[in-house]
Amino acid sequence: MARKPAAEKHDDVKAGIGNDPAFAYSALPGVADEMVDNTGAVRPVWQNLLSALSHMSEQELTERFARADRYLRDAGVFYRAYGAAGVSERNWPISHIPVLIDEREWQTLSEGLRQRADLLEDVIADIYGDGRLVKEGLLPPALIAGNPEFLRPLAGIKPANGHYLHFLAFEIGRGPDGNWWVLADRAQAPSGAGFALETRVATTRAFSDIYAETKVHRLASFFGAFRDALLGGKRGGEGRVAVLTPGPANETYYEHAYIARYLGFMLLEGEDITVVNDQLMVRTVAGLRPISVLWRRLDASYADPLELNQHSHIGTPGMVEALRAQTVSIVNALGSGILETRALLAFMPTICRHLRGEELKLPSIATWWCGQKSEREHVAANIEKMVIGPAYSCMPFFDDNGQSVLGSTLRSTARDSIADWLASEGHKLVGQEVVTLSTTPAWVNGKLRPRPMSLRVFAARTENGWQIMPGGFARIGSGDDVAAIAMQAGGSAADVWIVSDKPVEAHTLLPAEETFTRNMPGSLPSRAADNLFWLGRYIERAEGALRILRAWHGRFAEAADPDQPLLANVSAYLAGIDIDISKAVPESLLRNIDSAVYSASNIRDRFSPDGWLALNDLAKTARRFKENVRHGDDASHAMTVLLRKLAGFAGLVHENMYRFTGWRFLSLGRYIERGLHMTRLLGHMSGPDAPDGALDMLLEIGDSVMTHRRRYNVNTARLTVTDLLALDPLNPRSILFQVNEIRHEVEQLPNAFVNGQMSPFYREAMRLHSGLAVMTPETMNGEVYQRLERELEQLSDLLARTYLG
């Protein structure tokens with residue numbers, strides 16, 4: 001549907017709201033709304049968007065929203081939800097209508113957040129430094145000493161780059177009076193910046209035309225400035241910048257991989273890192289390499305099991321000692337999680353006046369720590385206006401999984417005992433004024449409806465000071481209850497558009513043409529190489545199984561007798577490699593595909609979205625076939641479908657993956673597994689006692705029927721099949737072809753030559769190749785195939801010891 005130009009739309013905005021039932025929007029009484037003011041008029045910054053929406057049919061809106069959902073689904077954007085039923089992956093829950101804020105209002109907000117970021121830097125520097133705030137009575141000693149986020153081994157350690165904080169997030173909300181409040185500070189390992197980027201992309205897919213004509217500030221400059229700041233922290237030398245993740249089980253792992261890929265940094269887990277001579281080193285296939293800057297995305301207490309949480313299995317022993325030696329900068333500093341303490345909000349106004357001689361430009365939500373007598377009494381006297389929660393909690397009251405209690409919901413008997421509760425456990429509790437958050441439009445059941453929201457805004461330290469992301473994302477409640485904002489409680493995320501009345505600059509992370517340089521890819525971490533290697537093996541293992549199963553079911557469809565000699569022979573072979581032919585889609589096949597998906601999930605930062613989508617499509621299709629496929633022709637067709645999907649994935653990888661070290665390990669996994677597959681098959685089915693039809697079935701499994709007809713002027717024979725499937729260097733299914741490719745890839749690996757001599761791994765690959773290259777079809781027998789199988793397995797083990805340990 002054609003839309004009016006922006007200049008012609010503004011006159012009919014209010015009419016559009018009133019005349020179309022879907023847009024009959026009105027704010028909730030006594031609640032500030034982002035789109036309409038207290039008179040019910042649409043704010044100027046919203047007029048263009050709302051007018052455009054009001055001219056769209058319900059079908060057009062549905063199609064636009066579907067484009068956004070499809071992008072997120074195809075890109076594989078997800079988060080992990082934790083509930084009584086366990087852990088589940090959920091698609092990123094987007095609220096399609098963006099939140100619009102005027103640039104002038106955003107500048108005021110940004111000034112307040114920059115001031116707050118500087119104040120938080122001063123506070124943490126004091127907590128882990130001189131401790132003047134406690135000495136001078138501005139912070140209660142118990143609030144620090146009893147805080148589980150205060151990490152004593154970090155006391156007195158100064159950051160190598162002079163700053164504790166580099167990347168912050170703030171949870172902010174607008175109250176009924178229209179003013180913004182800080183609901184929570186995020187300094188531990190702030191999440192959401194990557195999701196903000198993906199939410200922006202998805203929203204622009206839905207409203208590309210509106211976005212193009214609306215002067216919305218872009219996000220790329222924020223990430224570019226922070227990337228430059230991290231790279232500037234390397235201080236020369238060989239040091240690398242890396243992102244430290246807890247691993248794929250973390251609820252925001254997708255974001256860790258996305259940010260690492262977007263900024264061009266290595267994504268590491270704790271096991272990838274070791275400490276040598278007080279220096280953090282990453283284990284790579286080329287040996288140990290130093291890390292200068294580590295952007296951590298795991299909680300600080302898990303970072304070093306030697307000096308912090310001894311039960312951590314995701315950290316790196318010795319990391320704290322490296323910080324003492326000032327050989328690495330960690331973003332943010334270990335111990336910064338203490339700044340998220342809810343009770344700390346009560347003292348921020350006084351601390352700001354004391355340290356900076358000014359009032360907070362952006363106040364915190366009113367908070368009282370109940371470890372003090374007068375504060376306890378105030379909370380008890382005003383309990384109906386309060387929410388009571390854990391003092392050391394790092395989550396706002398609407399996001400703490402029900403740990404907080406609304407005073408207005410307490411029975412009269414409970415209210416009578418509130419003073420006793422606060423007196424006995426006041427140091428563990430905090431009272432906060434109940435805040436009614438502003439609402440913003442959300443599309444609910446075909447209509448615009450007001451829903452409560454909070455904003456998550458990000459700040460990055462750059463060479464020019466703190467830079468505030470021009471946007472972030474809004475958390476939108478699933479109902480009128482503020483507690484429903486949390487993602488785990490069914491909330492959703494909306495893009496935030498900071499709208500200017502002037503043209504905005506389009507930014508990109510790509511370098512300017514005049515600064516063009518060709519950078520070689522960084523060293524490949526050993527864990528990434530391990531996952532790539534096994535991804536190759538699992539994919540090839542699945543393909544081999546699919547080809548055998550398709551051939552078996554094709555013949556079963558004709559014979560309908562599983563005891564027929566050839567079928568029984570192949571069934572025995574399949575049983576030997578853990579494939580149960582009694583099921584049309586064996587469980588072991590599904591396990592191999594799932595293992596491939598798992599290996600790929602561990603290297604999401606190195607895996608293209610198209611490849612990930614294709615691999616998951618393969619896994620879902622295989623699971624679906626398990627439920628409704630029968631033996632015979634039905635199963636044969638299903639195996640063909642899966643082979644085509646697998647070929648599509650392999651083609652994407654082959655055509656798109658950069659030919660560097662990661663590609664070589666993926667390829668080596670495929671060549672070794674394919675060599676093993678063909679070696680075992682030939683050893684079992686090409687002997688003198690093989691049943692009738694075995695050689696023809698071998699050619700079919702080896703996808704070489706047509707090639708055999710063209711190359712040999714005789715019927716199928718053991719020697720011709722052996723020549724083609726074992727010793728033909730031009731047949732991509734033959735054993736010799738795999739060994740040739742293995743030798744070629746090994747030549748390109750790091751340390752293939754040591755002091756001018758072949759490494760043991762390279763020497764073994766050469767020996768394997770030389771031994772096979774001189775064989776003839778007449779000399780190939782069962783004993784030779786068994787020896788080849790052992791040597792290929794030994795080569796795999798030697799590769800693991802050389803590069804993956």
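The values are calculated or read from the model by the stated rules, or taken from the named source; none is laboratory data. In this text the structure is predicted, and so the values were computed from the model without any measurement. Note: ideal-geometry Cβ built from the backbone for every residue, glycine included; neighbour counts use all protein chains shown. We work out accessible area using only protein heavy atoms, side chains counted, and drop any ligands, DNA or RNA first. Shrake-Rupley method; radii C 1.70, N 1.55, O 1.52, S 1.80 Å.
Before moving on, here are some points about what is shown:
- Selection status of GLN757, exposed (fewer than 14 other Cβ atoms within 10 Å of the Cβ), under 21 Å from GLU540 (Cβ atoms) and either in contact with a helix residue (DSSP H, G or I) (Cβ under 9 Å, 6 or more places away or on another chain) or in contact (Cβ under 8 Å) with a residue 12 or more places away in the chain (or both): no
- Test: THR350 is surrounded by fewer than 18 Cβ atoms within 10 Å (Cβ to Cβ), of a type in the set (Val, Ile, Thr) and touching a residue at least 60 places away in the same chain (Cβ under 8 Å): yes
- Single match in TRP534, TRP552 (criterion: part of a helix (DSSP H, G or I), at pLDDT 95 or above, within 14 Å of HIS631 (Cα to Cα) and of a type in the set (Phe, Trp, Tyr)): TRP552
- Residue pairs whose Cβ atoms lie under 9 Å apart, sitting 6 or more positions apart in sequence or on different chains, and linking a residue in the range 618-631 that is touching a residue at least 60 places away in the same chain (Cβ under 8 Å) to a partner that is of a type in the set (Lys, Arg) and open to solvent by 10 Å² or more (accessible area, probe 1.4 Å), are HIS631/LYS583.
- Residues in the range 617-638 that are open to solvent by less than 10 Å² (accessible area, probe 1.4 Å), in a helix (DSSP H, G or I) and not β-branched (Val, Ile, Thr) were compared, and the one that is farthest from LEU268 (Cα to Cα) is ALA635.
- In summary, LEU28 fulfils each of the numbered conditions (1) at pLDDT below 95; (2) in a helix (DSSP H, G or I); (3) over 25 Å from VAL216 (Cβ atoms) with the single exception of condition (2).
- Among the candidates HIS654, HIS677, residue that is buried (at least 18 other Cβ atoms within 10 Å of the Cβ) and within 44 Å of the chain's Cα centre (by Cα): HIS677
- Taken over the range 440-478, the residue count meeting the criterion of being surrounded by fewer than 24 Cβ atoms within 10 Å (Cβ to Cβ) and in contact with an Asp or Glu (Cβ under 8 Å, 6 or more places away or on another chain) is 5.
- Test: residue in the range 217-229 that is under 23 Å from GLU103 (Cβ atoms), out of contact with any Lys or Arg (no Cβ under 7 Å at 6 or more places or on another chain) and of a type in the set (A, V, I, L, M): yes
- Count - residues of the range 311-340 that are more than 26 Å from the chain's Cα centre (by Cα) and outside any helix (DSSP H, G or I): 4
- Where a residue in the range 102-119 is of a type outside the set (A, V, I, L, M, F, W, C) and its partner, wherever it lies, is in a helix (DSSP H, G or I) and open to solvent by less than 20 Å² (accessible area, probe 1.4 Å), with Cβ under 9 Å and at least six apart: GLN115/CYS352; ARG116/MET348; ARG116/CYS352
- Taking the criterion of being surrounded by 19 or more Cβ atoms within 10 Å (Cβ to Cβ), closer than 13 Å to GLY472 by Cα and among the β-branched types (Val, Ile, Thr), the residues of the range 158-202 that qualify are ILE172, THR199.
- Condition check for GLU745: crowded, with 17+ Cβ neighbours inside 10 Å, out of contact with any strand residue (DSSP E or B) (no Cβ under 8 Å at 6 or more places or on another chain) and closer than 30 Å to ARG289 by Cβ: yes
- Neighbours by Cβ (under 6 Å, 6+ apart or cross-chain): first from the range 429-450, more than 25 Å from ALA41 (Cβ to Cβ); second open to solvent by 20 Å² or more (accessible area, probe 1.4 Å) and in a strand (DSSP E or B): GLY431/TRP368
- Whichever residue in the range 269-285 is aliphatic (A, V, I, L, M) and touching a helix residue (DSSP H, G or I) at 6+ places or on another chain (Cβ under 8 Å) and, among such residues, is surrounded by the fewest Cβ atoms within 10 Å (Cβ to Cβ): VAL275
- Flag if LEU772 is surrounded by fewer than 20 Cβ atoms within 10 Å (Cβ to Cβ) and at pLDDT 95 or above: no
- Residues satisfying the stated conditions in the range 758-791, i.e. outside any helix (DSSP H, G or I), more than 45 Å from the chain's Cα centre (by Cα) and of a type in the set (S, T, N, Q): THR776, ASN781
- Residue check: ILE101 meets all listed conditions (1) more than 22 Å from ARG186 (Cβ to Cβ); (2) of a type in the set (Val, Ile, Thr); (3) touching a strand residue (DSSP E or B) at 6+ places or on another chain (Cβ under 9 Å) but one, namely (1).
- Flag if ASN755 is among the polar types (S, T, N, Q), over 30 Å from ARG283 (Cα atoms) and under 42 Å from the mean Cα position of the chain (by Cα): no
- Cβ-Cβ under 7 Å pairs, at least 6 apart or on other chains, the range 564-588 side under 12 Å from LEU549 (Cβ atoms), far side among the β-branched types (Val, Ile, Thr): VAL570/ILE548; SER571/ILE581; LEU574/ILE548; LEU574/ILE581; ALA584/VAL629; VAL585/VAL629; PRO586/ILE579; SER588/ILE579
- ALA584 meets each of the listed conditions (1) crowded, with 19+ Cβ neighbours inside 10 Å; (2) closer than 20 Å to ARG670 by Cα; (3) not basic (Lys, Arg) apart from (2).
- The range 292-304, residues that are open to solvent by 20 Å² or more (accessible area, probe 1.4 Å) and either under 20 Å from PRO248 (Cβ atoms) or modelled with pLDDT under 95 (or both): ASP299, TYR302
- Residues of the range 691-741 satisfying the condition of being assigned to a helix (DSSP H, G or I), open to solvent by less than 10 Å² (accessible area, probe 1.4 Å) and either under 13 Å from ARG674 (Cα atoms) or touching a residue at least 60 places away in the same chain (Cβ under 8 Å) (or both): ALA694, MET697, ILE701, LEU725, ALA726, ILE735, GLN738, VAL739
- Total residues in the range 89-143 satisfying the condition of being in contact with a Pro (Cβ under 8 Å, 6 or more places away or on another chain) and either under 20 Å from GLY178 (Cβ atoms) or open to solvent by less than 10 Å² (accessible area, probe 1.4 Å) (or both): the figure is 3.
- In the range 143-162 there is no residue that is among the polar types (S, T, N, Q), more than 28 Å from GLN310 (Cβ to Cβ) and outside any loop (DSSP other than H, G, I, E, B).
- Only listed residue being touching a helix residue (DSSP H, G or I) at 6+ places or on another chain (Cβ under 9 Å), within 25 Å of PHE265 (Cα to Cα) and among the aliphatic types (A, V, I, L, M), chosen from ALA551, ALA557, ALA614, ALA545: ALA614
- Filtered residues of the range 252-273 (kept if more than 13 Å from the chain's Cα centre (by Cα) and in a helix (DSSP H, G or I)): LEU263, GLY270, GLU271, ASP272
- With respect to (1) in contact (Cβ under 8 Å) with a residue 60 or more places away in the chain; (2) open to solvent by 20 Å² or more (accessible area, probe 1.4 Å); (3) under 16 Å from PHE665 (Cα atoms), the lone exception for SER796 is condition (2).
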